[in-house]
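The values are calculated or read from the model by the stated rules, or taken from the named source; none is laboratory data. A quick note: this is a predicted structure, and the numbers were derived from the prediction, not measured. All Cβ positions, even for glycine, are placed from backbone atoms using ideal geometry, and neighbour counts span all protein chains on display. Just the protein is used for accessible areas: all its heavy atoms, side chains included, with ligands, DNA and RNA removed. Shrake-Rupley method; radii C 1.70, N 1.55, O 1.52, S 1.80 Å.
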Amino acid sequence: MANNRRKTSRAKKEETNWQERVIQIRRVSKVVKGGKKLSFRAIVVVGNERGQVGVGVGKAADVIGAVKKGVADGKKHLVDVPLTKSNSIPHPTNGVGGGAKVIMRPAAPGTGVIAGGAVRTVLELAGVKNILAKQLGSNNPLNNARAAVNALSGLRTFMEVAEDRGVPIENLYAQ
């Protein structure tokens, strides 16, 4: 009996290492037969600061319900981010989400997260510590967050590239 309790507490600990940050809460309305129906839309970023991050959107009649739905949606759309030893990304990448474009470049240790708005939140919750990022086009937080996740999902490690090309990893580095 006590053994089962220990297992559930471990499962809860694994569950609680997720961090959630609300990017935006917006009151939206829908016109129905009797008038306007008000609800709330919450954009939430969920990450474990160890290479997993997701963006979720939730809509509900109250803010707390919208945030809970956003967290659940974010956990459904998780992306794995390969991190280097300096907690940066392995190579430059671009991402698109709606009308927003995001450019990301790896940075040297000690640089910090140089990014703005929703992109900064996504990178911090992914566990990236040194990066240069610029958002272009739209300044819509949802599209920028999705563009950042899109850019991070396209990252590949040196090992993956070597396997795809069928060459030893030493041959990838310039002599």
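Rounded to the nearest 20 debye, the dipole magnitude of the stretch 82-160 is 100 debye, with +1 charges on Lys and Arg beta carbons, -1 on Asp and Glu beta carbons, and the Cα centre as origin. Measure up K59/K134; K37/K69; K37/K59; K30/K59; K30/K76; K59/K129 against 21 Å on the Cα-Cα distance and list the ones that go over. Long pairs (Cα-Cα over 21 Å): K59/K134; K30/K76; K59/K129.
For the chain, the Cβ-based charge dipole about the Cα centre amounts to some 1120 debye (Lys, Arg positive; Asp, Glu negative; other atoms uncharged). Taking packing as the residue-averaged number of other Cβ atoms within 10 angstrom, the listed peptides 55-63, 95-103 run from highest to lowest as 95-103, 55-63. Placing unit charges on each Cβ (+1 for Lys and Arg, -1 for Asp and Glu) gives the chain a dipole about its Cα centre, and among M159, V63, V81 the Cα reaching farthest toward its positive end belongs to V63.
The residues of the chain expose on average 61 square angstrom of accessible surface per residue, using a 1.4 Å probe on protein heavy atoms. The residues packed around I89, meaning those with a beta-carbon under 15 Å from its beta-carbon, carry a net charge of +3 if Lys and Arg are +1 and Asp and Glu are -1.
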